[in-house]
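Novice: Take this structure first; my questions come after.
The values are calculated or read from the model by the stated rules, or taken from the named source; none is laboratory data. The structure presented is a predicted model; accordingly, all values stated were derived computationally and were not measured. Note that each Cβ is placed from the backbone with ideal geometry, even for glycine, and that neighbours are counted across all protein chains shown. Side chains included, ligands, DNA and RNA excluded: accessible areas come from the protein's heavy atoms. Shrake-Rupley method; radii C 1.70, N 1.55, O 1.52, S 1.80 Å.
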Amino acid sequence: MSEALVIFTPSGKRGRVPLGTPVLTAARQLGVDLDSVCGGRGICSKCQVSPGLGEFAKHGVTVAPDALSAWNAVEQRYKDKRGMLDGRRLGCQARIMGDVVIDVPPESQLHRQVVRKAASARRIAMDPATRLFFVEVAQPDMHEPSGDLERLADALRDQWQVDPLIAGPHALRKLQPALRKGNWGVSVAVYRDHTGGPWRLLDIWPGLYEGGLYGLAIDLGSTTIAAHLTDLTDGRVIAAGGIMNPQIRFGEDLMSRVSYAMMNPGGDTEMTATVRQALDALTHSVSVEAGIDPSLILEVVVVCNPVMHHLFLGIDPVELGQAPFALATSSSLALPARDLGLTTINPEARLYTLPCIAGHVGADAAAVALSEAPHLSDDLVLVVDVGTNAEILLGNCDRVLACSSPTGPAFEGAQISSGQRAAPGAIERLEIDPETKEPRFKVIGCDLWSDDPGFAEATEKLGVTGICGSGIIEAVAEMRMAGIVDGAGLIGGAEQTGTARCIPEGRTHAYLIHDATAQGGPRITVTQGDIRAIQLAKSALYAGARLLMDELGVDRVDRVVLAGAFGAHISSKHAMVLGMIPDCHLDKVSSAGNAAGTGARLALCNIAARAGIEREVKRIHKVETAIEPRFQEHFVNASAMPHAIDPFPELAKIVTLPQVSHNTGGGEGAGRRRRAR
């Protein structure tokens, strides 16, 4: 074998390179976003990568221990002088010696991901589990001997009705010095949640403490992780941050990670350690941004899907990979944060996870339900949390249904020929003139459109680097509205579409958006393979929603709410042109932003919200898409744009879709529609 297959994550770009090729060289040849400023001399460390090991079923490769060249003296010298995480390699030093999967971590990406899971503004009634009290404690008396903790407990009972009180080792170590330094007046942070029980002493300060108490609301997604550092006195988000989930190197979708755990002994513990380290690093990052001591973070709420839930808790997710998709536990959990690898924050900090709804509908869906409250709605609302694995809720005050749908990573820009994560330079908006078929676009980091004066100068440093999830959605929808793509999803040739931008690519065609190859830049196209990837993703999304509508016996919904980082940045019109969502008046389609993150903040700041969602998830009925025959039927029909059968009268009021066919033989697309009917 003279060549090896190299697969880079999270971009998903792959190719064969000669044995002995440096990882950095392979990345540059394949257009992978890997930074380096020292010319490959092993000085700058910006090209650090994390190679995988074991079987990667999704990619069809098994990575052997010797897939990369041996650790060398340059890497050892750098690690000794500056430090480097275990398992990392320098891309300029490691050479490819066999088939390998290589993850490019966020800090090594030249155009770093813009994690857009921002916190939504929301008025929250504050009733947190962690509270601050100032108390005056009786001094010790030889004639009435008692411990300092017992006298503190007496003071809290008498002055604040806080009773009973327990304390852990960290708080006990600080107790006596704080009491004496404060002349027997101290401020204490105590914790008791909605389940009752004793109050727990988390921390203590001498005298009147007027600094802040903070909590973290974490949305632990399969692709991105977002953390909102929240003031526990008023609910304000004082800092927010996000990173790519480093588990991506084990598989871009959830089932790939379950497969990795099945096929690689110890794979689950490896993924658990990876995500816990990432959470700890993110916690430190948002603390630095806010300028606070991380030890003042006393509470954490985490929401995530069932696979991430199990991996974060250190539970093997293998049972979630096969029917009946049994959870180890579906209940909410309250645990010491230190037991889950969060070592940056206060040692006595508590962590709460929302309950999971069912095997494939997790605590993130429960958080969306808490945020958007479909169970309190008079009209029928469809809530779609768009992501690599979409969570879908449908219902009103009478009944709420839920399901998950495996949309895959195409909406995130992965598996797309020119795709990339949302980063400066990525195309995020696009329009195509229906007459001339000419495109215009906007990139992340620049407010100008590509045909505006000054665009080239404004993007000189950013570049136009690729197309992200929201950009590919708009591109495909605009191609459909301009007649470049027909209803079956086929791209026409130059003669059929009337534009030279439709260029041959093997037996199919591609649409050229931007060509900067003359300046050493990329050539950005939408290929037939890209269209198919989007069709698969949107069909899964629509089929899941339609399955819930069948269960309720309805053909229309009153409102649609698009949630999630991706859902917040897509145009409702373009989503409907593709048929991602059921037909609905566009005025009734709205964005909820990061609804899962908002639900986590609600649970962090209000213990009644925790009790409420724990009751509500027991009433939500789960529909399992994996075993429902109608899902496949809906999926096939939804592959057409917008749909092969279901009418879209509201969409027809605002958009006239060209009735064209680019299948000259009348074969594949037309045949699929006939079979669906």
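Novice: Would you grab the residues whose amide H sits under 5 Å from the one on Asp103? Only those 5+ places off in sequence or on another chain, please, with H modelled 1.01 Å from N.
Specialist: For Asp103, whose amide H was placed from the backbone, the distant partners under 5 Å are Thr9, Ser50, Gly52.
Novice: Label Ala64 and Cys44 with points 7 Å out from Cα along Cα→Cβ: what is the distance between them in nm?
Specialist: 3.4
Novice: At a probe size of 1.4 Å, how large is the accessible area of Ser572, to the nearest 10 Å²?
Specialist: Near enough 30 Å² of accessible area.
Novice: While we're here: When averaged across all projection directions, what area in nm² does the alpha-carbon convex hull of the stretch 567-611 cover? Numbers along the way, then the final one.
Specialist: Values: hull surface 16.4 nm².
Dividing the Cα hull surface by four gives the mean projection, 4.1 nm².
Novice: What residues qualify as long-range amide H neighbours of Thr233, i.e. H under 5 Å apart, gap of 5 or more or another chain, H built at 1.01 Å from N?
Specialist: Long-range HN contacts for Thr233: Leu213.
Novice: Moving on to the next point. Gain in length, Arg82 to Leu172, computed as 0.36 nm per residue apart minus the alpha-carbon separation, to one decimal in nm?
Specialist: Contour length minus the Cα-Cα distance gives 28.7 nm.
Novice: Now for a different question. Whole angstrom only: what separates the Cα centroid of the stretch 260-330 from the Cα centroid of the stretch 449-466?
Specialist: 39
Novice: Looking at the P(r) of the stretch 54-102, how many percent of alpha-carbon pairs lie beyond 15 Å?
Specialist: So the pairs more than 15 Å apart make up 49 percent of the total in the stretch 54-102.
Novice: Oh, and also: Can you check what the net charge comes to around Pro51, using other residues whose Cβ is under 13 Å from the Cβ of Pro51 (Lys, Arg +1; Asp, Glu -1)?
Specialist: -2
Novice: Of Val288, Gly196, Leu229, whose Cα points farthest to the positive end of the dipole of the stretch 174-296 (charges on the beta-carbon: +1 Lys, Arg; -1 Asp, Glu; origin at the Cα centre)?
Specialist: Farthest towards the positive pole: Gly196.
Novice: Next question, about the same structure. Taking the simple approach of a point 7 Å from Cα along Cα-to-Cβ for both Trp160 and Asp293, what is their distance in nm?
Specialist: Rounded to a tenth, the inter-label distance reads 1.8 nm.
Novice: In whole angstrom, note down how far apart the Cα centers of the stretch 225-257 and the stretch 147-195 are.
Specialist: 33
Novice: Convex hull volume of the Cα atoms in the stretch 468-529, per residue, in Å³?
Specialist: Convex hull volume per residue, Cα atoms: 94 Å³.
Novice: Additional query: So, in nm, how far is label Glu150 from label Ala57 when the simple model puts each one 7 Å beyond its Cα toward the Cβ?
Specialist: 5.9
Novice: Between Met97 and Thr269, what is 0.36 nm times their sequence separation minus the Cα-Cα distance? Round to one decimal in nm. Please list the in-between numbers first.
Specialist: Working: separation 172, 0.36 × 172 = 61.92 nm, distance 2.67 nm.
That pair, Met97 and Thr269, stretches by 59.3 nm at full extension.
Novice: On the first, second and third principal axes, largest extent first, how far apart are the outermost C-alpha atoms of the chain in Å?
Specialist: The principal-axis extents, from largest down, are 102, 67, 53 Å.
Novice: Taking the Cα centre as origin and putting +1 on Lys and Arg beta-carbons and -1 on Asp and Glu beta-carbons, what dipole magnitude results for the stretch 126-264, to the nearest 20 debye?
Specialist: That gives a dipole near 440 debye.
Novice: In deg cm²/dmol, rounded to 500, what helix-only [θ] at 222 nm does the chain give when every DSSP H run of at least 4 residues adds -39500 (n - 2.57) and the total is split over its residues?
Specialist: Mean residue ellipticity, 222 nm, calculated: -8500 deg cm²/dmol.
Novice: Kindly state, to the nearest 0.05, the FRET efficiency for Glu210 paired with Ala323, given R0 = 60 Å and r defined as their beta-carbon distance. Mind showing how you got there, number by number?
Specialist: On the way: r = 56 Å, r/R0 = 0.93.
Computed FRET efficiency for Glu210 and Ala323: 0.60.
Novice: Could you pull out the trypsin sites (Lys or Arg not before Pro) across the stretch 466-523 that fall in loop regions by DSSP (anything but H, G, I, E, B) with no more than 13 other Cβ atoms inside 10 Å?
Specialist: The qualifying sites are Arg507.
Novice: Further question: So, counting K/R as plus one and D/E as minus one, what does the shell of residues with Cβ under 9 Å around Asn305 add up to?
Specialist: -2
Novice: For the stretch 11-59, what is the convex hull (Cα atoms) projected area averaged across all directions, in square nanometres?
Specialist: Spelled out: convex hull of the Cα atoms, projected over all directions, averaged, 4.1 nm².
Novice: Here's something else I'd like to know. For the chain, which DSSP H helices look membrane-span-like by this rule: Cα extent along the axis of 24 Å or more and mean Kyte-Doolittle of at least -0.5?
Specialist: Span-like helices in the chain: 267-290, 528-552.
Novice: Which percent of the accessible heavy-atom area of the stretch 360-491 goes to carbon and sulfur, probe 1.4 angstrom?
Specialist: Taking all protein chains in place, the stretch 360-491 shows 47 percent carbon and sulfur surface.
Novice: Tell me which of Leu179, Gly212, Leu156 sits at the most positive position along the dipole axis of the stretch 112-258, charges placed on C-beta atoms (Lys, Arg +1; Asp, Glu -1).
Specialist: Checked the options; the winner is Gly212.
Novice: Starting from the stretch 399-499, pick out the GluC sites (Glu not before Pro) whose DSSP state is loop and whose Cβ has at most 16 other Cβ atoms within 10 Å. Could you put the intermediate results ahead of the total?
Specialist: Working: sites: Glu412, Glu428, Glu431, Glu435, Glu457, Glu460, Glu474, Glu478, Glu495; in loops: Glu435, Glu460.
Filter output for the stretch 399-499: Glu435, Glu460.
Novice: Using a ≥ b ≥ c from the Cα gyration tensor of the stretch 344-456 (square roots of the eigenvalues), is it rounded, prolate or oblate, where a/c under 1.5 gives rounded and otherwise the larger of a/b and b/c decides, a/b for prolate?
Specialist: Judged from the Cα gyration tensor, the stretch 344-456 comes out prolate (a/c at least 1.5, a/b above b/c).
Novice: The stretch 331-383 to the stretch 553-598: how many Å between their Cα centroids?
Specialist: Cα centres, the stretch 331-383 to the stretch 553-598: 22 Å.
Novice: Here's another thing I want to ask about it. At a Förster radius of 22 Å, what calculated FRET efficiency corresponds to the Cβ-Cβ distance of Ala334 and Glu107, to the nearest 0.05?
Specialist: With R0 = 22 Å, the Cβ-Cβ based efficiency is 0.10.
Novice: Considering only protein heavy atoms, with the full assembly of protein chains and a 1.4 angstrom probe, order Met481, Met549 by accessible area, largest first.
Specialist: Ranked from most to least accessible, the order is Met481, Met549.
Novice: Apply the Kirkwood formula to the stretch 449-489: the hydrodynamic radius equals the inverse of the mean of 1/r over all pairs of different alpha-carbon atoms; give it in Å with one decimal.
Specialist: Computed over Cα pairs of the stretch 449-489, the Kirkwood hydrodynamic radius comes out at 12.1 Å.
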